[in-house]
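Input: a single structure, listed below in C-alpha cells.
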Amino acid sequence: MLRAFFRTEAGSTSVLLGATLLALLWANSPWGDTYDAFWHTQMGLSFGTADFSLDLRHWVNDGLMVIFFFLIGLEISYEVRVGQLRDRRLIAVPAVAALGGILLPAGVYLALNAGGPGAGGWGIPIATDTAFVLGLLAIVGARCPDPLRAFLLTLAIVDDVLAIIVIALFYTESLSVVALLMAAALLAAILTLRWLKIWRAPAYIVLGFGLWLATLESGVHPTLVGIALGVLVFVYAPSEYKLLAAGEAVHEFTNDPNPRAAREVTRRVQRAVSVNERLQLRLHPWSAYVIVPIFALANAGVRLDTETLRQAATSPIAIGVALGLVFGKFAGIVLGTWLPLRLNWGVLPGNLVWGQLFGGAAVSGIGFTVSLFIVDLAFDDTALHNQAKIGILAGSLMSALAGWIIFRLAWNRGGVCAPPDVEPEEEPPVRLTVPVGPGDHVRGPVKAKVTIVEYGDFECPYCGRLHPILRELLDGHRDVRVVFRHFPLRAIHPRAFPAALVAEAAAEQGKFWEMHDILFDNQRFLTDADLARYAGRLGVDPWPDPARQTARIAGDEASGHASGARGTPTIFVNGVRYQGKLDLGSISRAVEEARNQPGVAATESDSGS
C-alpha cells in the first residue's frame, strides 16, 4: 500500500505543478480578469421553486475536494487498523513531530499578525503538501532512504488529521442546528447500514450526497464528511479462508474456463481484499491526477504585478506564512522528533541520521493544497487572499530549495537518530562475531564446506522471498548448510517477535524448522490465534516458557548487533557479510566463491535443530 501511495502521489507532482503554473499564467496574462470571473460562474440545480447553486470555485473546494479528504480518511483508517499506525512506538515520534510542525508555524505567524486583520490566517502555514513533498523526494533519489519516506508519510497523515481538526474547530463561522441534526441523522443511517452489513453502493452514495448537502448547509465545512465516510469504510487484512477460496476459484476457472467460473473468480478475489483498499486503488489516480490539479487551477492563480509583490513584501500575512512554512515547520518537526527520541517514547524506522531528518523537515515546509484551502476559509478580502497565496508560494519554494541543499550537502551527516541508550555505529563490521555453535538452528550437513548464517524476521517480506531461495540452494548443494538466527524488527514488524517466540517453543520440542517453514509460508497471518493454530498443527505448546524463549532470541539479537546487522535479512557466507543481490544466481556465486576459499568458515556445529 505504501509503495502504491508513493508512486501515485509522487508521479502526480508534475501534473499538480503544471496546473499551478497554468493558474499563475492565466491570472497574469492579458486575459487575467477572466480568471476570477470564470471561477465565480454560478452553477446549480433547481427543483421547482427550490434552488441550490454554488460558484465553480466552491463546487471544486466544497464538492470535488470531499473526495480528496475521503481518500485521507481511507488512508487513516487503513494505517490505524492494519498499517503502520498500529504500533504506538512507531507512531509516537512522527505524531509528536507533526504536532510540533503545526504549533510552531502557527506561533511564528501569530507573532507577526496577532491582533491584526490577518490574525485569522494562522492555520495557513500548518499543513504539509504530501504530493509535492514526495515528488521532491523522488528527485532526491537515494539520498532519501525508504525509512525516511515512511516516516514523512506517517507524519503527513497525522498532519492531515490535525489540520482537519483545526478546520472543524476554528474555521466554522456559524451553525444551523436543523441542518446539523439532519446531518447527524444521515450519518446514523450510514452507520446503521454498516452495522447491518448492507453493502449496496447506491444506498451509500445517496445517503452520502444527502450528508454532504446537510453539512454544507449546517455551516460545518463538508470536508469533514469526506473524512468521516473514509474512516467508516470497512478495512481488514485478507483472511486465510478468503485467500484459499479465491485460490480454489482460480484453480476451477483454469481447469474449466467458463463465464460462471470467471464471475466467481472475480467475486472471490475482490472479497479477499477490503473495500477500503479497492477504493483507494480506484480513487487515488482520480484524486492525484484530476481533482487536486483542478483545485490548484481554481485557487493558485494570483496577480504577480509590481504593486501586488510590493504589498506582499511588506505584508505581515505573506511574511508570516512564508516564515511559518520555512522556519516554523523545520524547527517544529526537528524539535518534535528530538523530544520523543530523547524521552524514549518511540523509535524511527530504519537507521536514519540527523542530516536525513533535517532534509525531510525542510521539505515538509512545502504547503499547498490544504494551505490554499484554508486561505479560502480564513479571508474574504481579495487583497488578503493574494498576500497569503504569495506567502504560500514563496515559503514552499524556499522550503524545497532548503531541503534540496540539505540533501545535497548533509544527507549522511550526524549521528543515528535513536533513543539515547542506543549507541550508533558508523561502519558496521563485516565479519560474523559469534561463530556457529551447538545452540544454533542448523539445516544441512554438519561438515558442510559453506555455512550461510541468516539474521531474519518472520514478518519481513524480504526474508520471505529469501526463504525459497535458501531451500533451493540446500537442495542443489550437498556441502551447504543454513543457520537461522532471530532478528525481529519490532518497530516495523509487530508480529515478528511473537512469531519468534513460537518458533523457539517449537525448537524446544525438536520442530524448529517445521515451524520456521510454516511461519514463512504464512507471513500475512501471524496473529496470536494464527500462531496457536500453527503450534496445534505441529502438536507443540506455543508458549511453554516465554522468559526462556525471550532470552534465547535476545542472544541472537545481541550477536546480530555485534556483527553489524541493521536490518533483515542480513546474511553471512562463511563468516563474511554478503552484500550482493538477494536472488538465487547472486547467492549461488557467493557460495561458489566461498567453496573455493574455505578458511573463514564458521565453527562447526555438532548437530542441527
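Restricting to segment 337-375, name every residue that is in a loop (DSSP other than H, G, I, E, B) and surrounded by fewer than 24 Cβ atoms within 10 Å (Cβ to Cβ). Full working, then the answer.
Here is the first cut: in segment 337-375, the residues in a loop (DSSP other than H, G, I, E, B) are 343-352, 364-368.
Leu343, Asn344, Trp345, Gly346, Val347, Pro349, Gly350, Asn351, Leu352, listed by residue number.
Quick one: count up the residues across segment 506-534 that are among the hydrophobic types (A, V, I, L, M, F, W, C), over 20 Å from Arg471 (Cβ atoms) and over 33 Å from the mean Cα position of the chain (by Cα).
Adding up the residues that qualify gives 0.
Can you tell me how many residues in segment 460-500 are in a helix (DSSP H, G or I) and open to solvent by 20 Å² or more (accessible area, probe 1.4 Å)? Spell out how you get there, then give the answer.
Taking segment 460-500 as the starting set, the residues that turn out to be in a helix (DSSP H, G or I) are 461-476, 496-500.
Remaining after also requiring open to solvent by 20 Å² or more (accessible area, probe 1.4 Å): 461-462, 465, 467-469, 471-472, 474-476, 497-498.
Within segment 460-500, residues that are in a helix (DSSP H, G or I) and open to solvent by 20 Å² or more (accessible area, probe 1.4 Å) number 13.
Hey, could you check segment 289-324 for residues that are within 28 Å of the chain's Cα centre (by Cα) and among the β-branched types (Val, Ile, Thr) and say which is modelled with the lowest pLDDT?
Looking at residues that are within 28 Å of the chain's Cα centre (by Cα) and among the β-branched types (Val, Ile, Thr), I get Val292.
Considering only residues of segment 560-584 that are in a helix (DSSP H, G or I) and open to solvent by 10 Å² or more (accessible area, probe 1.4 Å), which is farthest from Thr433 (Cα to Cα)? Even if it seems obvious, please write down each step before you answer.
The first filter runs over segment 560-584 and keeps only residues in a helix (DSSP H, G or I), leaving 560-562, 584.
Retained after the next criterion (residues that are open to solvent by 10 Å² or more (accessible area, probe 1.4 Å)): 561-562, 584.
Values: His561: 9, Ala562: 6, Leu584: 26 Å.
Here the residue is Leu584.
So, Asp521, is that one closer than 16 Å to Asp457 by Cβ, of a type in the set (Asp, Glu), surrounded by fewer than 18 Cβ atoms within 10 Å (Cβ to Cβ) and modelled with pLDDT of 90 or more or not? Don't jump to the end; show me each part of the working.
Values: closer than 16 Å to Asp457 by Cβ: yes; of a type in the set (Asp, Glu): yes; surrounded by fewer than 18 Cβ atoms within 10 Å (Cβ to Cβ): yes; modelled with pLDDT of 90 or more: yes.
Taking the combined requirement at face value, the residue satisfies it.
Return the residue satisfying two criteria in turn: it lies in segment 376-399 and is open to solvent by 10 Å² or more (accessible area, probe 1.4 Å) and of a type in the set (Gly, Ala, Ser), and of such residues it is nearest to Val133 (Cα to Cα).
Ser396
I'd like the full set of residues that are in a helix (DSSP H, G or I) and open to solvent by less than 60 Å² (accessible area, probe 1.4 Å), limited to segment 295-315. Walk me through how you get there before you give the answer.
Restricting attention to segment 295-315, the residues satisfying the condition of being in a helix (DSSP H, G or I) are 295-299, 306-314.
Listed by number, the residues that qualify are Phe295, Ala296, Leu297, Ala298, Asn299, Thr308, Ala312.
I'm trying to understand the selection: among the residues of segment 534-544, which are under 13 Å from Glu508 (Cα atoms) and either open to solvent by 50 Å² or more (accessible area, probe 1.4 Å) or of a type in the set (S, T, N, Q) (or both)?
Narrowing segment 534-544 to residues under 13 Å from Glu508 (Cα atoms): 535, 538-544.
Matches in segment 534-544: Gly539, Asp541, Trp543, Pro544.
Among the residues of segment 144-201, count how many are part of a loop (DSSP other than H, G, I, E, B) and within 22 Å of Thr223 (Cβ to Cβ). If you could, list the steps in order and put the result at the bottom.
Let us first name the residues in segment 144-201 that are part of a loop (DSSP other than H, G, I, E, B), namely 144-145, 171-176, 196-200.
Applying the additional criterion that residues be within 22 Å of Thr223 (Cβ to Cβ) yields 171-176.
Total satisfying the criteria: 6.
Within segment 210-259, track down each residue that is at pLDDT 80 or above, assigned to a helix (DSSP H, G or I) and exposed (fewer than 14 other Cβ atoms within 10 Å of the Cβ).
Pro259
Take the residues of segment 83-135 that are in a helix (DSSP H, G or I), modelled with pLDDT of 75 or more and in contact with a Lys or Arg (Cβ under 8 Å, 6 or more places away or on another chain): which is most open to solvent (accessible area, probe 1.4 Å)?
Applying the filter and picking the extreme gives Leu104.
It is to be established whether one or more residues within segment 268-283 are closer than 24 Å to Leu152 by Cα and open to solvent by less than 30 Å² (accessible area, probe 1.4 Å).
Among the residues of segment 268-283, at least one is closer than 24 Å to Leu152 by Cα and open to solvent by less than 30 Å² (accessible area, probe 1.4 Å), which makes the answer yes.
Could you check segment 430-443 and list, in sequence order, the residues that are touching a strand residue (DSSP E or B) at 6+ places or on another chain (Cβ under 8 Å) and either of a type in the set (D, E, K, R) or open to solvent by 40 Å² or more (accessible area, probe 1.4 Å) (or both)? Spell out the reasoning first.
Let us first name the residues in segment 430-443 that are touching a strand residue (DSSP E or B) at 6+ places or on another chain (Cβ under 8 Å), namely 430-432, 436, 440-443.
Across segment 430-443, the qualifying residues are Val430, Arg431, Asp440, Arg443.
Looking only at segment 545-552, decide whether some residue is at pLDDT 90 or above and either within 16 Å of Val483 (Cα to Cα) or open to solvent by less than 50 Å² (accessible area, probe 1.4 Å) (or both). Give the derivation first.
As a first pass, look at segment 545-552 and keep what is at pLDDT 90 or above: 552.
With either within 16 Å of Val483 (Cα to Cα) or open to solvent by less than 50 Å² (accessible area, probe 1.4 Å) (or both) added as a condition, the list becomes 552.
Yes, segment 545-552 contains a residue that is at pLDDT 90 or above and either within 16 Å of Val483 (Cα to Cα) or open to solvent by less than 50 Å² (accessible area, probe 1.4 Å) (or both).
Are there any pairs with C-beta distances below 9 angstrom linking a residue in segment 279-290 that is in contact (Cβ under 8 Å) with a residue 60 or more places away in the chain to a residue that is of a type in the set (D, E, K, R) and assigned to a helix (DSSP H, G or I), with the two at least 6 apart or on different chains, and if so which?
If the second residue must be of a type in the set (D, E, K, R) and assigned to a helix (DSSP H, G or I), the pairs left are Gln280/Glu75; His284/Glu9; Ala288/Glu9.
The values are calculated or read from the model by the stated rules, or taken from the named source; none is laboratory data. Keep in mind it's a predicted model, so treat the numbers as computed, not measured. No Cβ is skipped: glycine too gets one built from the backbone with ideal geometry, and neighbour counts run over all protein chains shown. These area figures cover heavy atoms from the full protein model, side chains too; ligands, DNA and RNA do not enter into them. Shrake-Rupley method; radii C 1.70, N 1.55, O 1.52, S 1.80 Å.
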